[in-house]
Amino acid sequence: MTRFASQGYSRYVSLMKVLLPAGILISIGLAIGWPYLQSLNKENVAAVDASQPDIRENRMVKPHYTSTDKKNQPFQVDADWGTQKDNLADLINPHGSMAMLEGQTFNLKAQKGKYDSQTKVLNLEGKVTLTSTDGYHVQTERASVAIDNKIIEGNEYVEGEGPAGEIMGTQGFKVENRPQGKKIITLKGPSRVVINEGIKLNKRKKPDAQ
């Protein structure tokens, strides 16, 4: 038993003579090379900086646009973020307001929008919602807003409600101001208007026969 124990101890001593120097060399190598490895890691992070695409695309966080029409009435539109190229801006979740001639204001929002600051036209797409301070609430999928002409128009199915009742147009709608300052809402295609009980409509005189 003593001889086997002596042989085992000799093997242990021989193994330690190999492992201990190797461990010391590895520790020294790590101590010298660790700063270099850290610098490599920093270089890799800088090479894939996620902010670079934002700079190339001119991405804007919470952009804000203000303008006026020919009669100096205000218009403004904000968004969660957007990208700008020349006078065109692509907007995500745009929302804004436009003053009409008779003093009412139309508020608008959508999922996406494209604003041309030169022509002052805002195109909206995706769950477009229009509300006015005189009680109209309209929903459609696409609409365009011409700021100078005070025209809001769409060519897709639209539905909504207002002070007089419910409205529906299968081929879109058009909101415009007439010279007298009255706001006119036109429904396109086969349409339906449900008048609330108690609402009195103004009767227009029939035009003379030509």
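Every number here is computed from the coordinates shown, using simple stated rules; none is lab data. Small disclaimer: the values here were computed from a predicted structure and weren't measured. Note: ideal-geometry Cβ built from the backbone for every residue, glycine included; neighbour counts use all protein chains shown.
Observations on the model:
- Members of region 166-196 found to be in contact with an Asp or Glu (Cβ under 9 Å, 6 or more places away or on another chain) and on the phi > 0 side of the Ramachandran plot, listed by number: 172, 181
- Yes/no for residue 83 being surrounded by fewer than 20 Cβ atoms within 10 Å (Cβ to Cβ) and touching a His at 6+ places or on another chain (Cβ under 8 Å): no
- In region 178-187 there is no residue matching the filter, namely being β-branched (Val, Ile, Thr) and in contact with a Phe, Trp or Tyr (Cβ under 6 Å, 6 or more places away or on another chain).
- With respect to the conditions (1) farther than 23 Å from residue 134 by Cα; (2) within 16 Å of the chain's Cα centre (by Cα), residue 87 falls short on a single one, namely (2).
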